[in-house]
1. Quick check: anything in the stretch 339-359 under 30 Å from ALA234 (Cα atoms) and open to solvent by less than 40 Å² (accessible area, probe 1.4 Å)?
2. Please work out which residue is farthest from the chain's Cα centre (by Cα), limiting yourself to the stretch 78-128 and to residues that are crowded, with 18+ Cβ neighbours inside 10 Å and among the basic types (Lys, Arg).
3. Of the residues GLU308, GLU321, which single one is in contact with a Phe, Trp or Tyr (Cβ under 8 Å, 6 or more places away or on another chain) and surrounded by fewer than 19 Cβ atoms within 10 Å (Cβ to Cβ)?
4. Suppose we keep only residues that are over 34 Å from the mean Cα position of the chain (by Cα) and under 16 Å from LYS67 (Cβ atoms) within the stretch 21-52. Which one would you say is surrounded by the most Cβ atoms within 10 Å (Cβ to Cβ)?
5. Taking MET156 and the conditions (1) of a type outside the set (Lys, Arg); (2) within 23 Å of the chain's Cα centre (by Cα); (3) surrounded by 19 or more Cβ atoms within 10 Å (Cβ to Cβ), which numbered condition does it fall short on, given that it satisfies the others?
6. Suppose we filter THR222, THR176 for residues that are in contact with a helix residue (DSSP H, G or I) (Cβ under 7 Å, 6 or more places away or on another chain), closer than 25 Å to ALA131 by Cα, assigned by TED's automatic domain parsing to the domain that holds PHE108 and polar (S, T, N, Q); which single one remains?
7. Hey, could you check the stretch 285-297 for residues that are at pLDDT below 95 and surrounded by fewer than 19 Cβ atoms within 10 Å (Cβ to Cβ) and say which is nearest to PRO263 (Cα to Cα)?
8. Could you check, for the stretch 213-227, whether at least one of its residues is in a loop (DSSP other than H, G, I, E, B) and without any contact (Cβ under 8 Å) to a residue 40 or more places away in the chain?
Amino acid sequence: MAYVSMGEAHRRITEYLNRFCDAVSYQDSSMLCRLLSFSSNSPSLISLADALNVFQDASSLIRQSEKFSEYGEILAHLFRSLQSYRVGNLVEAYLAFDKFANAFVQEFRNWESAWALEALYVVCYEIRILAEKADKELTSNGKSPEKLKAAGSLLMKVFGVLAGKGPKRVGALYVTCQLFKTYFKLGTVNLCRSVIRSIETARIFDFEEFPRRDKVTYMYYTGRLEVFNENFPAADTKLSYALQHCNPRRERNIRMILKYLIPVKLSLGIIPKDELLQKYNLHEYMNVVQALRKGDLRLLRHALQEHEDRFLRSGVYLVLEKLELQVYQRLMKKIYIIQKLSDPARAHQLKLEVIAKALRWLEIDMDLDEVECIMTILIYKNLVKGYLAHKSKVVVLSKQDPFPKLNGKPVSS
């Protein structure tokens, strides 16, 4: 920390107080955003924090001026938070910021217009980020992490302030997205449902009136929820919306969307082009896609094993694992095509032994009973049209469309 004289500290604090009060008086939202953005680590906020740690009695400056004292409660908590943040005491920084945020939200509630909406977004973002950092500090000290959960409660309070009639309601979706990020981090995604109901069923909201940025984020998270619920058509609709409306220059965001959209598309029988995977550095899906194209069960299992940790963290491992049935279907089709070339008259009759040999060639050892079980499932799931002749150990395929395409529909349950 650079040396700061008492006089310089006084000047910096007074300058900040003037800028804060002017931003409110002139309804300068962009200025207010800059004054509240802790995580930006801007030089001006760092220099203010250094000044606060030298002067130590900024509260007296606030009380001495009628101009400053009007926002005394807000500013006092904000200064305490910034002081603690600067010296790395993140739990104390969070506790003070929580008090500041509550005071700011109360003030925001009293303002008739929505001029400070962007500043409120900054407060919501900062408290979530600060809570995550505070929880890391608590965990490292062997204590229970609890601040992010508390931040979620504050965000719900903000949502309640915005979820009414009037111009402020357009901010509800941004806060909803911050809640999603909080609940996903905490592993309490079930809490998303009540907020989703409020957004999607309340008559006061028109989804299209929300900012594009917030709509994309909302569709991304609700799409992920549909993936977890294995509602793939709904997931496809939401994630495709997010992809189509995402800023094309935001390649990282596009990649995040595709991480979930690709497993969904594969589950619906839609295979992406290799160029797409390469462009967005989604190499973990390359062998999964190749396995589906070739009917190579060994390759699919190898790909799932190789990237198991990544797929488990994303929550798509089980979705990809269920692609095995489509791979079996593709393998059956290859056997059928080869048999049709060598013996057209009997092409529609696939011996279980031939299928077992094809699997052994892929280093997958199955007895005939296991192969028969797989064939039964494929027929039941409408991935293969035909019937099983149990006694003769033969799958008799339909002569019309024996391997139905999914055509954008999930494998039947």
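The values are calculated or read from the model by the stated rules, or taken from the named source; none is laboratory data. Since the structure is predicted, the reported quantities are computational estimates derived from the model, not experimental observations. Positions of Cβ are generated from backbone atoms using ideal geometry, with glycine treated the same way; all protein chains shown enter the neighbour counts. Note: areas computed on protein heavy atoms with side chains; ligands, DNA, RNA excluded. Shrake-Rupley method; radii C 1.70, N 1.55, O 1.52, S 1.80 Å.
1. Of the stretch 339-359, the ones under 30 Å from ALA234 (Cα atoms) are none.
Checked against the condition, which is being under 30 Å from ALA234 (Cα atoms) and open to solvent by less than 40 Å² (accessible area, probe 1.4 Å), the stretch 339-359 yields no hits at all.
2. Looking at the filtered set, the residue picked out is ARG80.
3. On the way: GLU321 fails: in contact with a Phe, Trp or Tyr (Cβ under 8 Å, 6 or more places away or on another chain).
Exactly one residue qualifies, and that residue is GLU308.
4. Just the residues of the stretch 21-52 that are over 34 Å from the mean Cα position of the chain (by Cα), to begin with: 21-22, 25-26, 47-48, 50-52.
Among the residues that remain, those that are also under 16 Å from LYS67 (Cβ atoms) are: 21-22, 25-26.
Details: CYS21: 16, ASP22: 13, SER25: 10, TYR26: 11.
Only one residue fits best here, namely CYS21.
5. Unmet condition: (3).
6. Values: THR222 fails: assigned by TED's automatic domain parsing to the domain that holds PHE108.
Going through THR222, THR176 in turn, just one is in contact with a helix residue (DSSP H, G or I) (Cβ under 7 Å, 6 or more places away or on another chain), closer than 25 Å to ALA131 by Cα, assigned by TED's automatic domain parsing to the domain that holds PHE108 and polar (S, T, N, Q): THR176.
7. That would be ARG293.
8. Initial filter on the stretch 213-227 (in a loop (DSSP other than H, G, I, E, B)): none.
Looking for residues that are in a loop (DSSP other than H, G, I, E, B) and without any contact (Cβ under 8 Å) to a residue 40 or more places away in the chain, one finds none in the stretch 213-227, hence no.
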